[in-house]
Amino acid sequence: MKLNKIDLQISKLIEKEKERQETTLEMIPSENHTSKAVREALGSILTDKYAEGYPGKRYYAGLEFYDQIEDICRERAKKLFFLYRGSAVGGKVVHVNVQPYSGSPANQAVYFALLEPGDTVMGMALPHGGHLTHGWKISFSGKYYNSIQYGVDKKTNLLNYDEIEKLAKKVKPKLIWVGATAYPRIFDWEKLGKIADSVGAYLAADIAHIAGLIVAGVHPSPVPYVHIVTTTTHKTLRGPRGGMIMVTEKGLKKDLELPQKIDKAVFPGLQGGPHENNIAAIAVCLKEASTPAFKKYGRQIVKNAKTLAQELLKYKFNLITGGTDNHLILIDLRNKGISGKETQIRLEKAGITINKNTIPFDPNPPFNPSGIRLGTPAITTRGMKEKEMKKIAAWINKVILNPKSCLKIRKEVKNLCEKFPLP
């Protein structure tokens, strides 16, 4: 029996959310629109089984086809992230775990595999663009480990690799995290790899935001330089909400037992039965990401972000680092006389969904920060290009200048969305 016959209340809310997504511009850089094929796998009968363990080593019967699905997913990830884009360094992924429920559990498994409580870890501070699980004080990663945070330079808002090296040599961490949720520039993996090697630390690259850009060849791959790669699958990779942990060739050379340590940390260390319907959907998105069309898509994400940044600069917006190399833009709104929170509210009324966000050295609290974060993955999925970015920048400027313009712009946004339907 269909959902609307069983539970009309939930069915109506799903339909309302569908309409909201169809008629608004989703510009939170950590969000995207999945394909119909991904959603079909996610909502499949695969959700009905427990599959504790790993392929060939399950605890329950009836998992022949689940084993095949998970093996396919792991092999596709290995192939997709194999470094073949003209690098003289080379490097490949030798092991993949696709069972983490999402990105934070994947990162937690890395801690559980490599560290004891109290061990020293380094990561990028959350207010400077890092992630909670990279050692921020209110996260498990900051509470149970000796977390030393690095950040960006106060003048440039860019990572200062010399300072990171000095800090690493001073505190001698066992694990260094690299990756961000609000850093609009490219990471120098080679420099970071040398820093980690100089102090004997494991180096983990959290590529949750940029995985799709790496696959598309518009952001350098960390694979040759790091020991572990973690990622979500639902941002620029355009898949369902899940996580993966990858062990690189370099990681295996450092620790021959690293794949086994990772697997044991995920199950039985932190999780029970994996969500095999989700793993099947991840396998589908990895297949989609292996196509020439996806590489073209990844290139367009960056083109759109750069165009949007250039247009916003024309309207005198203060962009952190002065622009972007990837899919996201971070804006300091203090020169506009408006908070990030108020801007988020106004833009949502106009049909443009972004998020309030702290900026480096923000004088304001996180719930009422000085900045906003916006990105182009979801609107690029809909087929929008540079022409639309110019229009969106103008709308953002109008909304901030005049809140009374929100309803008029909302209609214009709806008209634009009709021309670019969801997948």
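The values are calculated or read from the model by the stated rules, or taken from the named source; none is laboratory data. Owing to the predicted nature of the structure, the values given are computational and were not obtained by experimental measurement. Cβ placement follows ideal geometry from the backbone for every residue including glycine, while neighbour counts extend to all protein chains displayed.
Which condition from (1) in a strand (DSSP E or B); (2) under 20 Å from HIS33 (Cβ atoms); (3) of a type in the set (A, V, I, L, M, F, W, C) is the one that LEU237 breaks?
Every listed condition holds for LEU237 apart from (1).
With the requirement that a residue be of a type in the set (A, V, I, L, M) and farther than 18 Å from ASP325 by Cα, what does the range 139-186 give you?
Within the range 139-186, ILE148, ILE164, LEU167, ALA168, VAL171, LEU175, ILE176 meet the criteria.
Of all helices (runs of 4 or more DSSP H) completely enclosed by the range 1-88, which ones contain at least 2 residues that are of a type in the set (Val, Ile, Thr) and either touching a residue at least 12 places away in the same chain (Cβ under 8 Å) or outside the structural domain of GLU348 (by TED's automatic domain parsing) (or both)?
The helices (runs of 4 or more DSSP H) meeting that bar are 8-23, 64-80.
If PRO365 satisfies every condition in (1) at pLDDT 95 or above; (2) over 26 Å from GLN21 (Cβ atoms) but one, which is the exception?
(1)
Regarding GLY243, is this residue within 30 Å of GLU116 (Cα to Cα), in contact with a helix residue (DSSP H, G or I) (Cβ under 6 Å, 6 or more places away or on another chain) and crowded, with 24+ Cβ neighbours inside 10 Å?
yes
Would a scan of the range 46-68 turn up a residue that is among the small types (Gly, Ala, Ser) and crowded, with 20+ Cβ neighbours inside 10 Å?
yes
Given the options THR353, THR324, name the one that is among the hydroxyl-bearing types (Ser, Thr, Tyr), closer than 20 Å to ILE379 by Cβ and out of contact with any helix residue (DSSP H, G or I) (no Cβ under 6 Å at 6 or more places or on another chain).
THR353
Residues are listed down the side, and each one gets a yes or a no for (1) under 20 Å from ALA196 (Cα atoms); (2) out of contact with any Ser or Thr (no Cβ under 9 Å at 6 or more places or on another chain); (3) among the polar types (S, T, N, Q):
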| position | (1), (2), (3) |
| --- | --- |
| ALA41 | no, yes, no |
| LYS57 | no, yes, no |
| LYS78 | no, yes, no |
| PHE81 | no, no, no |
| GLY91 | yes, no, no |
| VAL98 | no, no, no |
| TYR111 | yes, no, no |
| MET122 | yes, no, no |
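From the list LEU308, LEU374, exactly one residue is part of a helix (DSSP H, G or I) and more than 30 Å from CYS73 (Cα to Cα). Which is it?
Of LEU308, LEU374, the one residue that is part of a helix (DSSP H, G or I) and more than 30 Å from CYS73 (Cα to Cα) is LEU308.
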